[in-house]
Amino acid sequence: MWSSAREIAAGDVVIVWLTRDAIQSLVVTPGKDFNSRYGNYRHSDLIGLPYGSKVRSRNGSGFIHVLRPTPELWTLALPHRTQILYLADIAFITSWLDVRPGSCVIEAVINFRAGSGGGLVMLDSMTGALGCYPSHEHCIPVGHNIAAAYPMSGRGLYSTIRTMLRCSPKSTSLLIQSTYNGIDKAPDGTGSGSFTHSIARTVGPAGRIHSYEFHEARASKATEEFARHGMTDVVSLTHRNVCKDGFAVADAADAVFLDLPSPWEAVEHAKRALRKDRTTRICCFSPCIEQVLRTVSALNDSGFTDVTMYETLLRPHEVNAIPALTPIGAVSDKLKEAARVREEKRLRQIANARAKRKRDDPVPEEGGVKKAKTEERDEGGVNPDGGAEVDVDVEMPLAVPDPDADAAPPSPPALQVVSKVVQEVRGHTSYLTFARLLPATGTITPAPS
């Protein structure tokens, strides 16, 4: 898979890391340029650089990192022909299907595009946009013919279905599993290749992946992509409708992965494709619980055991180091010190004002000349404000030296590690239904170690 050389060569696929949220793939082609908000980069300047290099733009407006592709980076950077599986689901599926080096895996993944036909549809309740892989808040029963009852398209269909389900415009999404002439269903397929690249690395050169794509144009595009990534020895892609025609192999697969709008239609075909001399496994990836119910019934009827359903929830955390909180005792001491400094400053101001008045008063002459009155006093030395006046001679300097002037510089504050949950999670949630198919009695072959 991909190039294993240390330096980048012409024709290599590289991952351009712009920011954590801006990652894209690039085929290095001499003579072409890569332009982004972070500057202009010539492909020829990348040739000969080691993978992982930091490249500055020609106009000095930024930089990028050029990385070697991995299945994890490819999942984040691939061109989305369809909705994809992300790392949390891929890792969980790979583990539960017991995919290992040398395994033979069959995959059939859903695809959708605008056109004509029928299938699984999502209507965004705020914009009315059509898409796939919703959050299954509401479901119309499988087989409900929307096209026959409501011959309309676009926002008209959106408004009608929203009224049927009595959901408010603020609902995040709407799931329709039905027949509708405005949506084209590609009931299975390789998709964008996110899952395929990950399990191709897992099975290794001794393994085999049989991938099935319903849409012919996407099958051709995926075949070119697999050839460019050096995966043709591991992955075989077939243009086929597995729900009707089944799989092209029999008694050969160690695991089957189905991401279909109606996986129960392919369960019997999957059973024929799985090996009968050892325990094999199947996984069905479904966004709607009604799909899970029908799939579980089909698995039980076909003789599968240990049927289990999971939902994978991803919660990324951002981790940062911030200054540690100051102890309450230290805060109290700091406040007391500030109060003491303010009081000293007040006394200095009083002393300085009195000293200035003494300097400005005329010197009394002998012979009974009265001294200039500097303060208003009542008889008995009582202030007009009512309190007894006390003469205080305070000898304080005009400038007090800073006691911390010669002190050592303060040590850097202690740090503590904190984390917060990222609110917007990239990806979608679906139900994963797993099951095992036990071998027939007397035909058990030990799995390779």
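Is it the case, given these coordinates, that VAL28 is over 30 Å from ALA217 (Cβ atoms), β-branched (Val, Ile, Thr) and over 22 Å from the mean Cα position of the chain (by Cα)? Break it down into steps so the answer makes sense when it comes.
Working: over 30 Å from ALA217 (Cβ atoms): no; β-branched (Val, Ile, Thr): yes; over 22 Å from the mean Cα position of the chain (by Cα): yes.
Considered against the rule, which asks whether it is over 30 Å from ALA217 (Cβ atoms), β-branched (Val, Ile, Thr) and over 22 Å from the mean Cα position of the chain (by Cα), VAL28 comes out as no.
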Can you spot a residue in region 217-231 that is out of contact with any Asp or Glu (no Cβ under 6 Å at 6 or more places or on another chain), open to solvent by 30 Å² or more (accessible area, probe 1.4 Å) and not in a helix (DSSP H, G or I)? yes
Taking into account only those residues within region 3-14 that are touching a residue at least 24 places away in the same chain (Cβ under 8 Å) and out of contact with any helix residue (DSSP H, G or I) (no Cβ under 9 Å at 6 or more places or on another chain), which is farthest from PHE63 (Cα to Cα)? SER3
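Could you please find all residues in region 13-34 being among the polar types (S, T, N, Q) and within 20 Å of GLU225 (Cβ to Cβ)?
Initially, region 13-34 is screened for residues among the polar types (S, T, N, Q), giving 19, 24-25, 29.
Hits for region 13-34 are GLN24, SER25, THR29.
Residues that are surrounded by 15 or more Cβ atoms within 10 Å (Cβ to Cβ) and at pLDDT below 90: find the helices (runs of 4 or more DSSP H) completely inside region 1-103 holding 3 or more of those. Walk me through it before giving the result.
Working: elements: 43-46, 71-77, 87-96.
Of the helices (runs of 4 or more DSSP H) lying wholly inside region 1-103, those with at least 3 residues that are surrounded by 15 or more Cβ atoms within 10 Å (Cβ to Cβ) and at pLDDT below 90 span 71-77, 87-96.
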Only one of these is within 23 Å of SER103 (Cβ to Cβ), modelled with pLDDT of 95 or more and surrounded by 15 or more Cβ atoms within 10 Å (Cβ to Cβ): ARG275, ARG240, ARG281. Name it. ARG281
Limited to region 322-352, what total is found for residues that are open to solvent by less than 100 Å² (accessible area, probe 1.4 Å) and modelled with pLDDT under 90? 8
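Hey, among the residues in region 240-256 that are among the small types (Gly, Ala, Ser) and in contact with a helix residue (DSSP H, G or I) (Cβ under 7 Å, 6 or more places away or on another chain), which one's nearest to THR202 (Cα to Cα)?
Taking region 240-256 first, the residues among the small types (Gly, Ala, Ser) are 246, 248, 250, 252-253, 255.
Going one step further and asking which of them are in contact with a helix residue (DSSP H, G or I) (Cβ under 7 Å, 6 or more places away or on another chain), we end up with 246, 250, 252-253.
On the way: GLY246: 25, ALA250: 22, ALA252: 18, ALA253: 15 Å.
If we take residues in region 240-256 being among the small types (Gly, Ala, Ser) and in contact with a helix residue (DSSP H, G or I) (Cβ under 7 Å, 6 or more places away or on another chain), then ALA253 is nearest to THR202 (Cα to Cα).
Can you pull out the residues in region 199-208 that are buried (at least 22 other Cβ atoms within 10 Å of the Cβ) and either closer than 16 Å to THR75 by Cβ or in contact with a His (Cβ under 8 Å, 6 or more places away or on another chain) (or both)?
ILE199, ALA200
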For a quick check of your reading of the model, give me the residue pairs whose first member lies in region 15-43 and is of a type in the set (S, T, N, Q), whose second is exposed (fewer than 14 other Cβ atoms within 10 Å of the Cβ), with beta-carbon atoms closer than 7 Å and at least 6 apart or on different chains. ASN40/ASP33; ASN40/ARG58; ASN40/ASN59
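The values are calculated or read from the model by the stated rules, or taken from the named source; none is laboratory data. Fair warning: this is a prediction, and the values are worked out from it, not measured in the lab. Here Cβ is always computed from backbone atoms with ideal geometry, including for glycine, and neighbour counts include all displayed protein chains. Accessible surface is based on the protein model in full, side chains and every heavy atom, while ligands, DNA and RNA are left aside. Shrake-Rupley method; radii C 1.70, N 1.55, O 1.52, S 1.80 Å.
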